[in-house]
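A quick write-up on the structure given underneath.
The values are calculated or read from the model by the stated rules, or taken from the named source; none is laboratory data. Not measured: the values here are computed from a predicted model. Every residue, glycine among them, receives a Cβ derived from its backbone with ideal geometry; neighbour counts consider all protein chains shown.
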Amino acid sequence: MNSLINLQMRVLDDEGVKTIFRDTQNRIRSMAMIHEKLIQSDSLIRIDFGQYIQDLCRALLRTFAAAESGVRMSVDAEPVHVPLKIAVPCGLVINELFSNVLKYAFPEPFEGQKEVHITFKENDGQLELIMRDNGVGKRTVRTKSDTSLGRELVELLIVQQLNGSMNIETDQGTRIVLHIPLE
Ligand SMILES: Nc1ncnc2c1ncn2[C@@H]1O[C@H](COP(=O)(O)OP(=O)(O)O)[C@@H](O)[C@H]1O
Ligand SMILES: [Mg+2]
């Protein structure tokens, strides 16, 4: 699937179209990787979501060639087993949020070490995911005219589909905290 899209991308010369293809490819991959994990796991209904986050974020770093541009990533994720109906929307959300960091947090020229930290754990029947970058944060203020499909998708999935909550702080870089009930 991904290699097919890669092939198609090679014949595109319009940057805008390329961007749409890349983002779509990443969304598809976030779900496809869950199915790969499912096939490899003993349980057909739950996956090790900590390992999934590691793999997904590494794949995104490669897609955005972020390692070459000096972005340092750390993932501190507990091996929590998460049911599929939560894992799939969560994977999409992480894909959106991490893509945003790689796309917007570190516009060049950027002074100092670019860093993104992700922590994931379970506490009292709730999943907690924190994604923090030391990028430009609130200097990129959104206007109403922005077509921000990503933000809408994230809110829809977290709040409506998963009954969770999302908090964003933009004092120093961007820090996003997600809480998602397991039941
Ligand atoms: N980690 C971040 N650091 C800086 N700016 C960000 C970050 N995440 C999001 N943004 C800003 O918020 C805007 C909205 O993001 P999003 O809704 O995902 O839209 P899109 O990714 O399609 O532009 C982005 O265009 C960007 O300006
Ligand atoms: Mg986005």
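Before moving on, here are some points about what is shown:
- Top-ranked residue of region 37-52 - restricted to ones that are modelled with pLDDT of 85 or more and part of a helix (DSSP H, G or I), ranked as surrounded by the most Cβ atoms within 10 Å (Cβ to Cβ): Phe49
- For the criterion of being more than 21 Å from Val154 (Cα to Cα) and either surrounded by 16 or more Cβ atoms within 10 Å (Cβ to Cβ) or out of contact with any Cys (no Cβ under 9 Å at 6 or more places or on another chain) (or both), Asp55 fails.
- Check on Ile168, at pLDDT below 95, over 23 Å from Thr19 (Cα atoms) and not small (Gly, Ala, Ser): yes
- Residue check for Phe64: at pLDDT below 85 and within 17 Å of the chain's Cα centre (by Cα): no
- Residue check for Ile34: at pLDDT below 90, buried (at least 19 other Cβ atoms within 10 Å of the Cβ) and assigned to a helix (DSSP H, G or I): yes
- One residue from Val93, Val101, Val159, Val177 being within 24 Å of Thr24 (Cβ to Cβ), away from ligand 2 (no atom under 16 Å from the Cβ) and among the β-branched types (Val, Ile, Thr): Val159
- Summed over region 21-37, the residues that are closer than 15 Å to Glu96 by Cα and more than 16 Å from the chain's Cα centre (by Cα) give a count of 1.
- Complete set of residues in region 113-123 that are of a type in the set (D, E, K, R) and either touching a helix residue (DSSP H, G or I) at 6+ places or on another chain (Cβ under 8 Å) or part of a helix (DSSP H, G or I) (or both): Lys114
- Within region 59-112, the set of residues being part of a loop (DSSP other than H, G, I, E, B), within 16 Å of ligand 1 (Cβ to nearest atom) and surrounded by 14 or more Cβ atoms within 10 Å (Cβ to Cβ) comprises Phe64, Ala66, Phe106, Phe110.
- Answer from Glu115, Glu128, Glu96, Glu111 - the residue that is over 16 Å from the mean Cα position of the chain (by Cα) and of a type in the set (Asp, Glu): Glu111
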